[in-house]
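Below is one structure, written out as structure tokens; the observations come after it.
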Amino acid sequence: DLAKAVGAPMLGGLFRKLIIQSETSARARIASWPDGIFRAVSFADTVGATESLVRAALTARKEGEHITLDFTGTSPENDGPQNAFAHIAAAHVAIYLYAYAFHDLPVSAGTFASLDFVVPEGCLLNAGPEAAVSQSVYACWQMLTLTPIVFSTMMYAGAERSLVSASAGNNHTVPFVYAGMNQWGGKVADLLGYPFNGEGLGRSEERRVGKECRSR
């Protein structure tokens, strides 16, 4: 309907402008952060129902307007379904970026133009083509631990310091999965999704102190 109203060329040009603007703005924001190497590591203690220590590692190398996100050191893929492909891991990085570091930029793939991903083949975040990935969300849940750590460290010295936060409070890989019989005798199996959306991230001390000063 919009294309009919304004014309397809106009609409296509608008979409292209959004992508260009998001890329330009993301590059400028990244350039305002200090250059350096920023690291984070997180662990999960299960793979499905099996106790097994799983490691996810992220090294962010920031130079100018460019960041390389390197996941070297992450545990190998496993025999269970908690594996992911590299593009799934990248998508989970977007969850943090669009909510914090790039929260006021147009949401488009343009913001990723200044990011490179290094995800070693065979690790649980870049499993082989025959690996089970039906629970890739759980494998990538550690992205919501790793990305706040490395990006908050970068942003702390910049204008986005008020967006510095701790990682999500719900840091586990298989939350709220249940199965059994319901009150009518029927078999049920489900995943409770609302705890994901109800998680909070720790706020910066600067924001809290500032609010207290204003209230006084």
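The values are calculated or read from the model by the stated rules, or taken from the named source; none is laboratory data. It should be emphasised that the depicted structure is a prediction, and the values quoted were computed from it without experimental measurement. Every residue, glycine as well, gets a Cβ built from its backbone with ideal geometry; the counts of neighbours run over all protein chains shown. The area values use the complete protein model at the heavy-atom level, side chains included, leaving out ligands, DNA and RNA. Shrake-Rupley method; radii C 1.70, N 1.55, O 1.52, S 1.80 Å.
State all residues of segment 162-174 that are part of a loop (DSSP other than H, G, I, E, B) and either surrounded by 13 or more Cβ atoms within 10 Å (Cβ to Cβ) or at pLDDT 85 or above (or both); if no residue qualifies, say none. Write out each step before concluding.
Within segment 162-174, the subset part of a loop (DSSP other than H, G, I, E, B) is 164-167, 169-174.
Correct list: V164, S165, A166, S167, N170, N171, T173, V174.
Scanning segment 22-46 for residues that are touching a Gly at 6+ places or on another chain (Cβ under 7 Å) and among the polar types (S, T, N, Q) gives S22, S32.
Checked against (1) of a type in the set (A, V, I, L, M, F, W, C); (2) in a helix (DSSP H, G or I); (3) over 22 Å from N126 (Cβ atoms); (4) modelled with pLDDT of 80 or more, V150 passes all but condition (3).
Determine if segment 175-190 includes at least one residue that is among the hydrophobic types (A, V, I, L, M, F, W, C), open to solvent by 30 Å² or more (accessible area, probe 1.4 Å) and modelled with pLDDT under 80.
Yes - at least one qualifying residue is present in segment 175-190.
Somewhere in segment 17-37, is a residue assigned to a strand (DSSP E or B) and within 28 Å of S136 (Cβ to Cβ)? Looking for residues that are assigned to a strand (DSSP E or B) and within 28 Å of S136 (Cβ to Cβ), one finds at least one in segment 17-37, hence yes.
With respect to (1) open to solvent by 70 Å² or more (accessible area, probe 1.4 Å); (2) at pLDDT 60 or above; (3) in a helix (DSSP H, G or I), the lone exception for A159 is condition (3). The set of residues in segment 133-150 being β-branched (V, I, T) and touching a strand residue (DSSP E or B) at 6+ places or on another chain (Cβ under 6 Å) consists of T145, I149, V150.
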